[in-house]
1. Arg238 fails exactly one of the following numbered conditions: (1) assigned to a loop (DSSP other than H, G, I, E, B); (2) within 30 Å of Arg54 (Cα to Cα). What is the number of that condition?
2. Quick one: in segment 272-290, of everything that is open to solvent by less than 30 Å² (accessible area, probe 1.4 Å) and without any contact (Cβ under 8 Å) to a residue 40 or more places away in the chain, which residue is nearest to the chain's Cα centre (by Cα)?
3. Of all residues in segment 20-36, which are under 18 Å from the mean Cα position of the chain (by Cα) and open to solvent by 50 Å² or more (accessible area, probe 1.4 Å)?
4. Scan segment 301-349 for residues that are among the aromatic types (Phe, Trp, Tyr) and open to solvent by 60 Å² or more (accessible area, probe 1.4 Å) and jot them down.
5. Considering only segment 87-111, state which residues are open to solvent by 30 Å² or more (accessible area, probe 1.4 Å) and closer than 17 Å to Asn254 by Cα.
6. Out of everything in segment 52-73 that is open to solvent by 40 Å² or more (accessible area, probe 1.4 Å) and within 19 Å of His253 (Cα to Cα), what residue ends up being modelled with the highest pLDDT?
7. From (1) of a type outside the set (Ser, Thr, Tyr); (2) modelled with pLDDT of 95 or more; (3) closer than 30 Å to Ile119 by Cβ; (4) out of contact with any Leu (no Cβ under 6 Å at 6 or more places or on another chain), pick out the condition that doesn't hold for Leu326.
8. Is segment 367-374 home to any residue that is over 27 Å from the mean Cα position of the chain (by Cα), closer than 23 Å to Leu261 by Cβ and surrounded by fewer than 17 Cβ atoms within 10 Å (Cβ to Cβ)?
Amino acid sequence: MRDIGVYIHFPYCLSKCPYCDFASRAEKVIPQERYTRAVLSELRARAPEFPGRRAVSIYFGGGTPSLWDPEQVDAVLREVRALFEVAPSAEITLEANPGTTDEARFSAFRASGVNRLSIGVQSFAAPQLVALGRQHSGGDAVRAYRTARAAGFENVSLDLIHGAEGQTEQGAGSDAAAAVALGPEHVSCYALTLTGLAEEVPMAKAVRRGELHLPDDEAQAAMGDAVRGELRRAGYARYEISNYARPGYEAVHNSLYWRGLEYAAAGCGACGFRRLSGGAAVARRWMNDRSPERYLERVEATGLGEAQSEELGADEHLRERLFTGLRLARGLDLGALEDDLRLPVRSRFAPQIDRLQREGLAELDGTTLRLTEAGLDLHSEVALRFF
């Protein structure tokens, strides 16, 4: 039995952040019941594609899933449990934004089976929140965290972003220190990135017009060092490029992506992935319509929200596995990858592996290729050598 994840996307927000390229839409009136019906319909259509799988993670992403009425989330979870075998210890995560929840709402999510909250703090500093276009305050973020604890959540993750206009190394470190002072089990710390996005966001346009000036790469690197220092001193281990956790609290869902495992997906803008057998293609990825209106219309007409898809050959999938697997601090087992894809990974990429070791960017421990701290900081450039 193969482990999989189930991803559910909720696209609605109170406001659209200027740096966000996720499928999201600011709406005053959310079609709660209609959207839930569409997600349930899509889950029923997708489940037969994943026979003999066990769901070890269910993830509600967005958008702002904490705006979804708890009874609707409960209905989705009941349907997932009816359609898939769900591991008793499955991680069930819901993303929440400060200012969109209260204790009664959090308690209702907890009662439905959600056992992990990911709170989009981004920063505790007012100037940075303004620069990022966030609608909450640092105080709202602290209240959201304490509300989660009061509602019974024992696994809470906080998201931070560094590198917005006006951010300093000291400011980035202070945000990390403020996060760990609260005592979450998990912290995600991302550098603000405006390249390679799914859509051209307003902040990227402002930078291109010269109306907005972001810290340069050197300053961003210094901020990353400051963040890592604060987290390390507080006992959080860097288990992935941008993710840190106390022992035993590494995110299950994201690790599925990084390890090349399968995930069923439903909802506007959701992406799913499953392995294939018996053909030239070894995997299939699909992407749902990013427009909430078109997504709903597609599902109501066909049962699926799929707008596009692609099939991956073995070589293409191999390179994806190298790219994502090397994000993990524990590294990538090249021997296991060879067995899985039946490709000569080590011999094919021997020159690249040797060069990375000589440059101090990677270590080869038996069959496991692991990037050093310096290599993780340069992951994209390192991984591209395999292409």
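1. (1)
2. Among those that are open to solvent by less than 30 Å² (accessible area, probe 1.4 Å) and without any contact (Cβ under 8 Å) to a residue 40 or more places away in the chain, it is Phe273.
3. Initially, segment 20-36 is screened for residues under 18 Å from the mean Cα position of the chain (by Cα), giving 20-24.
Correct list: Phe22 only.
4. Once the filter is applied, which keeps residues that are among the aromatic types (Phe, Trp, Tyr) and open to solvent by 60 Å² or more (accessible area, probe 1.4 Å), segment 301-349 yields only Phe323.
5. Scanning segment 87-111 gives Ser89, Glu95.
6. Applying the filter and picking the extreme gives Arg54.
7. Among (1) of a type outside the set (Ser, Thr, Tyr); (2) modelled with pLDDT of 95 or more; (3) closer than 30 Å to Ile119 by Cβ; (4) out of contact with any Leu (no Cβ under 6 Å at 6 or more places or on another chain), Leu326 violates only (4).
8. yes
The values are calculated or read from the model by the stated rules, or taken from the named source; none is laboratory data. Keep in mind that this is a model prediction, so the values were computed, not measured. For neighbour counting, all protein chains shown are included, and Cβ atoms are generated from backbone atoms with ideal geometry for every residue, glycine included. Only protein heavy atoms, including side chains, enter the accessible area calculation; ligands, DNA and RNA are left aside. Shrake-Rupley method; radii C 1.70, N 1.55, O 1.52, S 1.80 Å.
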